[in-house]
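Engineer: One structure is given below, represented as structure tokens, and several questions about it will come after.
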Amino acid sequence: MEDGRGAGAPRRLSRTQRVIARRMAEAKATVPEFTVALDVEMDAAAALRAELKAAAPGGPVPSYNDMIVRACALALRQHPRANASFDGEAQTFRLWERVNVGIAVEAPDALVVPVIRDADAKSLDAVARESRALAQAVRERTIEPAALADGTFTVSNLGMLGVRHFDAVINVPQAAILAVGAVRPVALPRQGTIVPVQQLTLTLTCDHRILYGADAARFLGSVRDALQAPAGLLG
């Protein structure tokens with residue numbers, strides 16, 4: 001019987017969409033999550049991007065997201081509990097030796113997370129080149145299954161769509177996922193005056209079975225410090 005809404009025919013989920021739906025439902029149903037947010041000043045990062053662009057005119061320049069991935073990789077090395085996974089059956093968690101950062105990439109009717117392996121050991125330029133290649137493979141539907149495996153942490157960025165802040169759903173069984181908002185101009189007090197600053201908001205969603213509030217705050221603080229002194233990201 002029609003209900004007056006004029007609904008079209010039901011649409012069957014693709015295999016990828018079914019996997020995403022199952023994992024998201026699992027995360028929301030089983031993970032005791034909490035979120036911590038922090039604002040980051042991006043003026044120094046913007047200046048570094050301008051320098052890199054001037055040094056290689058016409059060449060690709062690392063994006064803010066590349067910088068964030070690299071900053072996260074370095075912070076994960078400093079804060080190994082954020083680079084962990086939870087085993088619900090055994091009620092244990094494991095700290096991973098390798099830092100493999102997943103980057104959420106929009107695909108037609110899906111969200112795919114290819115992985116930059118050993119991101120802490122790669123230069124910013126290498127991270128940028130690999131992230132572009134992975135994103136292109138996702139959009140062209142040529143991504144290999146192996147490129148989606150073994151992630152230990154995930155970065156999800158909606159800043160390019162103008163989103164200021166959002167809470168991402170944990171990519172189970174990982175300990176945390178970072179949601180990245182848009183870089184935006186704000187006015188902040190400085191020594192008795194008001195100055196314009198470029199700022200973005202980072203929001204970390206955490207599995208409380210592995211991370212606690214102070215752990216999350218210290219991790220985010222390390223990411224912020226790396227982005228506000230971005231020369232350290234280049235190596």
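Throughout, read-outs are computed from the coordinates displayed, never taken from laboratory work. Bear in mind that the values here come from a model prediction, so they are computed numbers and not experimental data. Reconstructed Cβ throughout: ideal geometry from the backbone, glycine too, with neighbour counts over all protein chains shown.
Engineer: Just subtract the alpha-carbon distance of D167 and L38 from 0.36 nm times their residue separation and send over the number in nm, one decimal.
Structural biologist: 45.2 nm
Engineer: A further question follows. Rounded to whole Å, give me the distance from the Cα center of the range 42-86 to that of the range 90-127.
Structural biologist: 14 Å
Engineer: Report the extension gain between M160 and R11 in nm, rounded to one decimal, defined as 0.36 nm multiplied by the number of residues separating them, less their alpha carbon distance. Walk me through the numbers before you get to the answer.
Structural biologist: On the way: separation 149, 0.36 × 149 = 53.64 nm, distance 2.88 nm.
So the extension gain works out to 50.8 nm.
Engineer: Using only Cα atoms and rounding to the nearest 10 degrees, what angle (0 to 90) does helix 64-78 make with the longest principal axis of the chain?
Structural biologist: Long axis of 64-78 versus the principal axis of the chain: about 90 degrees.
Engineer: Give me the extension gain from T30 to A187: residue separation times 0.36 nm, minus the current Cα-Cα distance, reported in nm with one decimal.
Structural biologist: 52.5 nm
Engineer: Among A71, A21, A168, determine the one that fluctuates most according to a GNM of the chain built with springs between C-alpha atoms less than 10 Å apart.
Structural biologist: Evaluated over the chain, the most mobile residue of the options is A21.
Engineer: Where nothing but the Cβ of Lys and Arg (+1) and of Asp and Glu (-1) is charged, how large is the charge dipole of the chain around its Cα centre, in debye to the nearest 20?
Structural biologist: 260 debye
Engineer: Right, next: Can you tell me the orientation of helix 213-228 relative to the chain, as the angle in degrees between its alpha-carbon axis and the longest Cα principal axis, to the nearest 10?
Structural biologist: Here the helix axis deviates by roughly 50 degrees.
Engineer: Something else about it: Points 7 angstrom from Cα along the Cβ direction at V197 and A55: gap in nanometres?
Structural biologist: 2.6 nm
Engineer: Consider a paramagnetic label point 7 Å from the Cα of A47 along Cα→Cβ; state which residues of the range 221-235 have an amide N under 11 Å from it.
Structural biologist: The answer is 229-231, whose backbone nitrogens lie closer than 11 Å to the label point.
Engineer: How many nm is it between the label spots at R139 and R23, if each spot is 7 Å from the Cα in line with the beta carbon?
Structural biologist: According to this spin-label approximation, the distance is 2.1 nm.
Engineer: Of A90, A45, A104, which has the largest mean-square fluctuation in a 10 Å C-alpha GNM of the chain?
Structural biologist: Most flexible of the set in this elastic network: A90.
Engineer: Note the listed values (i) 17.2; (ii) 14.1; (iii) 14.8, then indicate which one is mean projected area of the Cα convex hull in nm² calculated from this particular structure.
Structural biologist: Read-out from the structure maps to (i).
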